[in-house]
Amino acid sequence: MDKSKRFFLKSKRSFRRRLPPIQSGDRIDYRNMSLISRFISEQGKILSRRVNRLTLNQQRLITIAIKQARILSSLPFLNNEKQSESTTRTAGLRPRSLTPK
């Protein structure tokens, strides 16, 4: 077989199936912070279903639990480190002079 046709052959590697992120015994609840924190990004956003590898029903339950935890102040709405970065950027600006020309 020549080199040009070898490129289009599929590889025979087998792919290992990943374990589901939520086991059958895990309870999805707003108080289970160790479980909820796995599904939130560094900025505090809820990760998508494809990234989490969850079923539709599990993603809905996780989303509701995260929102309940945010309302009850167990979980912040945003990450504070991101806010401090924006304040240091504006601190370097020069103030406008108030004297009329």
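The values are calculated or read from the model by the stated rules, or taken from the named source; none is laboratory data. The model shown is predicted, which means the values in this text are computed figures rather than measured ones. Virtual Cβ from ideal backbone geometry, glycine too; neighbours counted across all protein chains shown. We work out accessible area using only protein heavy atoms, side chains counted, and drop any ligands, DNA or RNA first. Shrake-Rupley method; radii C 1.70, N 1.55, O 1.52, S 1.80 Å.
What the table below lists for this structure:
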| quantity | calculated |
| --- | --- |
| Inter-site label distance for Asn79 and Arg16 at 7 Å from Cα along Cβ, in nm | 2.8 nm |
| Efficiency of FRET from Cβ geometry, Arg50 and Leu72, R₀ 30 Å, rounded to 0.05 | 0.60 |
| Ordering of 67-73, 22-28 by burial proxy (mean other Cβ atoms within 10 Å per residue, highest first) | 67-73, 22-28 |
| Net length gained if the chain between Arg27 and Gln43 were fully extended (0.36 nm per residue, minus Cα distance) | 3.3 nm |
| Bins of 5 Å, starting at 0 and running to the largest distance - Cα pair percent for segment 33-72 | 5, 25, 38, 24, 7, 1 |
| Surface per residue (accessible, 1.4 Å probe) for segment 33-72, Å² | 66 Å² |
| Percent carbon-and-sulfur accessible area, segment 33-72, ignoring ligands, DNA and RNA, probe 1.4 Å | 55 percent |
